Structure formats: structure tokens, C-alpha cells
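To start, the structure itself, in C-alpha cells.
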Amino acid sequence: MKSKRSLALPQKQKRRKNEEPKIETIRILCVGGARPNFMKLAPLFRAFSRHPEFSPALIHTGQHYDEKMSGQFFTELGLPAPLYNLEVGSGSHAQQTAEIMKRFEPVVLQEKPHAVLVVGDVNSTAACALVAKKLNVAVIHVEAGLRSFDRSMPEEINRLVTDAISDLLLVTEESGARNLEHEGVAAEKVQFVGNLMIDSLFFQLEKSKSSPILDQLGMRGKRFGLVTLHRPSNVDDSTQLEQLLRVLKEIAADDLPLFFPVHPRTRSCLDSQQLPSAIHLLEPLGYTDFVALMSQAAVVLTDSGGVQEETTALGIPCLTLRANTERPITIDQGTNRLAGTSYETILRAWQELKKNPPKGKAPQFWDGHAAERCVQAIRQALATA
Ligand code: UD1
Ligand code: UDP
């Protein structure tokens with residue numbers, strides 16, 4: 001089996017002299033499953049719609065399914081309705097990954113796409129990449145090459161597996177290209193296109209200014225912090241979560257009310273915790289409301305991948321409550337600082353941040369035009385196959 005075949009376009013017709021080139025339709029199945037996938041896919045669908053030779057379809061795996069983790073983003077971000085919703089729901093890693101694979105395979109067989117495009121590092125990403133590749137369909141990975149070098153993170157395994165079998169690897173920052181080079185990925189498969197999530201951020205920023213959330217929370221013109229937490233290592237262990245809440249309480253005592261939209265994974269673990277009154281729990285927010293809060297926050301405390309990037313693009317100070325990050329550019333050039341995961345390291349990082357608020361600049365190609373570069377890279381890769 002020649003791997004080249006998997007990137008091939010539909011057979012090109014021989015052209016007669018003076019005949020217009022016939023534009024073949026390029027069928028791409030774009031996979032989304034979890035919240036951060038939708039922000040990455042929305043600008044891509046807008047860009048595809050400017051190129052009629054592409055016929056993209058959205059496949060929702062159903063990894064996230066609550067209205068607040070999935071449905072609301074389709075409306076807010078203007079995503080097309082999914083062609084299929086695989087409705088896999090929650091489960092252990094093996095159950096969820098296997099179920100996605102079982103349900104995605106017949107879709108690929110039925111739709112016969114020229115490529116399957118996956119984004120990010122969630123279970124849906126790795127599962128659908130595996131299915132496509134085994135059916136000899138080209139795999140395009142958006143946000144390739146990021147590495148935390150921490151294999152206890154499920155996302156790191158998903159990144160390694162997906163990148164190892166992808167035919168076109170689109171990277172958001174230069175570290176991604178460097179990591180792939182070290183892993184022996186051929187340079188011609190890798191393209192530095194920038195960050196789709198920042199396309200979404202810039203597209204929605206203006207709209208977020210009319211969000212009512214600052215008034216609803218009584219925070220317009222006031223100083224506040226924003227918190228998100230959902231990494232299993234931070235929230236699944238009640239002792240670790242309790243340690244984080246203790247340090248958040250300390251930070252809130254600096255006359256800084258903290259607003260905490262709670263991810264469903266975290267909700268069940270929080271139920272058993274004593275919550276200080278300066279920490280205000282909220283339901284998971286819609287994107288416009290979340291961006292409205294993030295863009296006005298004095299500090300964001302998070303373990304989210306996407307939020308590290310968005311705060312850098314907005315120039316908002318961010319403390320990442322993790323020991324590592326797969327997005328080093330947010331520290332080297334942006335406003336992100338690694339705070340670790342213990343009471344002491346986080347408190348120290350907060351005190352340092354107050355003395356020296358991080359200043360940064362937007363990394364290269366985090367400019368709102370990454371989707372167009374993705375489409376050009378895909379077109380080029382398919383045409384030269
Ligand atoms: C997943 C991704 C993670 C990503 C995050 C974004 C993997 C391995 N993890 O983590 O990389 O950062 O999404 O938010 O793919 N649940 C609900 N409603 C939902 C979805 C989930 O209640 O709509 C609850 C269920 O109890 C479920 C738990 O949240 O068991 C975890 O969901 P899951 O998709 O397995 O992982 P996340 O922690 O969301
Ligand atoms: N986000 C949101 N509402 C929230 C929390 C986050 O819309 O209540 C957005 C955030 O702006 C970013 C994305 O969700 O675009 C990040 O998703 P998440 O933190 O769940 O996943 P990760 O990026 O860590 O994989």
C-alpha cells in the first residue's frame with residue numbers, strides 16, 4: 001500500500017486545449033467532539049466556504065454532549081449542523097476511544113472522503129485519525145507537534161498517536177515544528193499555519209463587548225480573576241483539588257473576587273469541598289460571555305490549553321496551574337506563567353505576578369488568518385500528492 005495514495009485527489013480528467021480546468025470537489029470530514037474543538041473548526045468552515053472546490057462536512061463524535069459544553073457553541077460560532085452525530089458520550093478512555101472508532105468507521109466508508117481532518121488532542125482526535133488512516137484516507141492534524149513531554153497526560157498520548165500517522169501536520173507555534181523534526185517527521189508534511197483558536201477569538205471579540213455578563217456579575221469596571229480547572233490530575237483527586245481551593249481562597253483575599261465556570265468533570269469533585277465565599281461558581285459559560293470575562297480579568301488561573309493561548313493573544317496575565325505546558329510560546333513570548341500545582345508554588349507565582357505583571361506579544365501567525373493558511377496548505381498538499 002503506497003501511503004501517497006491516501007493523499008491523492010479524485011482522478012484528474014485530461015483537458016482539451018482552451019478548456020477551463022475542471023474543479024474536482026474535495027471532500028473533507030472534519031471531526032469535532034469536545035468543547036475546544038469547536039472554536040478551532042468554526043474559522044476553518046468559514047474559510048472552506050470561500051473555496052468552492054472544498055466540500056467539508058462536520059462529524060460530531062458526541063464526546064461532549066451537554067448544551068453548555070457543545071450545543072451552544074454551534075449557535076454562537078456559526079458552525080454548520082453536523083452531518084453525523086456519533087453520540088458516543090462519556091466512558092473510560094478505552095470505552096470512549098473504541099466507541100468513537102466503531103461509530104466513525106462506517107461514516108468514512110459511506111462518505112469516502114479524500115481526507116479526514118482532526119484538531120487538538122482529545123480522544124476524538126486520536127480515535128478518528130486511527131480509523132481514517134487504517135482505511136487509507138489522508139489524515140490532516142490541526143495543532144500538531146505540541147508536546148508537554150508528560151506521558152501521564154491523556155492528551156500527550158493522543159498527540160503522539162495522531163502525529164505519528166498524520167499525512168499533513170499543521171502547527172500553531174514553532175515548537176510544534178521542532179518537536180516533529182526531532183521525532184523524524186518529514187519536513188514536507190509539516191506546515192506552520194498559526195492558531196485557529198485565535199481566529200475564533202478575534203472574530204468574536206467585538207461581539208463579546210456587548211455580552212451582559214460583566215453587569216450580571218456586578219463586575220463592570222471592577223477587578224476580578226477568572227478560574228478554569230479540568231485536568232484530571234488537578235480535579236479528580238480531592239486532596240489536590242482542596243489544595244487548589246485553599247490557594248485560590250488566599251488569592252481572592254487580595255480583594256480579588258474569583259469567578260469559576262465549572263467544567264462538568266470538576267463539578268462532581270467540587271460537591272464534596274468546602275467553598276470559600278469569594279470564589280463564585282458558575283455554569284460552563286458560552287464563548288462570548290467567557291471571552292467577555294477573560295478579556296477584562298486582572299488574572300486568569302487555569303489548566304486549560306486553549307485559555308493559555310487566548311490570554312496570550314489578549315495580553316491578559318495567566319497563571320497556569322500545571323507543572324508543564326505543551327504551549328511554550330505562551331511563556332516565551334506571551335503573558336503565561338507556569339505556577340505549578342502546589343499551594344506554595346502557586347502563591348509564589350501570584351506574588352511575583354503582582355510585582356511584575358507579565359507583558360507579552362502575540363506570537364507569529366496568531367493573527368486571525370490561520371484558517372486561510374490551513375486551507376492553502378491542505379489544497380497544496382492534496383494537489384501535489
Ligand atoms: C476532554 C479532553 C481534554 C480537554 C477537555 C476539554 C480527552 C482525554 N480529554 O476532557 O483534553 O481538555 O475535554 O473540555 O479527550 N461530562 C458531562 N457532560 C459533557 C461532557 C462530559 O457531564 O458534555 C462529564 C462526564 O462525567 C465525563 C467527564 O465530564 O465522564 C469527562 O469528560 P471527557 O470528555 O471524558 O473528558 P474531559 O475531562 O471533558
Ligand atoms: N471556554 C468557554 N466557556 C467556559 C470555559 C472555556 O467557552 O466556561 C472556552 C475557552 O475560551 C476556550 C475553550 O473553551 O476557547 C477551551 O476549552 P477547554 O478549556 O475545555 O479545553 P482545552 O483547551 O484545555 O483542551
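Values quoted throughout were computed directly from the atomic coordinates according to the rules given, and no laboratory measurement underlies them. Being a predicted model, the structure only gives us computed values, none of them experimental. When we count neighbours, we look across all protein chains shown, and the Cβ atoms used for this are built from the backbone with ideal geometry, even at glycine.
Side notes on the structure shown:
- Rounded to 10°, Cα long-axis angle of helix 370-383 versus longest principal axis of the chain: 30 degrees
- Computed from Cα atoms, the angle from the helix 154-165 axis to the main principal axis of the chain rounds to 20 degrees.
- The range 149-284 shape via C-alpha gyration tensor axes, a/c threshold 1.5: oblate
- Per-residue Cβ neighbour rank within 10 angstrom, fewest leading, Met39, Met101: Met101, Met39
- Stretching Glu111 away from Glu67 to a fully extended chain increases their span by 13.1 nm, per 0.36 nm per residue minus the current alpha-carbon distance.
- Cα centroid separation - the range 81-103 against the range 371-385, whole Å: 28 Å
- Anisotropy class of the range 218-306 from Cα gyration tensor, a/c 1.5 cut: oblate
- His369-Ser55 FRET efficiency (beta carbon distance; Förster radius 25 Å; 0.05 resolution): 0.65
- Of Lys68/Lys112; Lys68/Lys354; Lys40/Lys68, pairs whose Cα-Cα distance is over 22 Å: Lys68/Lys112; Lys68/Lys354
- If you plug the beta carbon distance of Glu344 and Glu87 into 1/(1 + (r/R0)^6) with R0 = 45 Å, you get a FRET efficiency near 0.55.
- The label point for His280 and the one for Asp150, both projected 7 Å from the Cα toward the Cβ, are 3.0 nm apart.
- For the chain, calculated [θ]222 nm from helices alone, where every DSSP H run of n ≥ 4 adds -39500 (n - 2.57): -12500 deg cm²/dmol
- Charge sum, other residues only, whose C-beta stays under 13 Å from Glu372's C-beta, Lys/Arg counted +1 and Asp/Glu -1: +2
- P(r) of the range 131-205 over all Cα-Cα pairs, binned every 10 Å from zero, in whole percent: 20, 47, 29, 5, 0
- Scattering profile of the chain at q = 0.06, 0.11, 0.14, 0.15 Å⁻¹ [log10 I(q)/I(0), Debye over alpha-carbon scatterers]: -0.23, -0.77, -1.22, -1.39
- Which of Asp167, Asp303, Asp150, Asp215 has the fewest Cβ neighbours within 10 Å, and the rest in rising order: Asp215, Asp150, Asp167, Asp303
- Label-to-label distance for Ala94 and Lys361 is 5.0 nm, based on points extended 7 Å past Cα in the beta-carbon direction.
- Qualifying GluC sites (Glu not before Pro) in the range 49-85, where qualification requires a DSSP coil assignment and no more than 15 other C-beta atoms within 10 Å, comprise Glu53.
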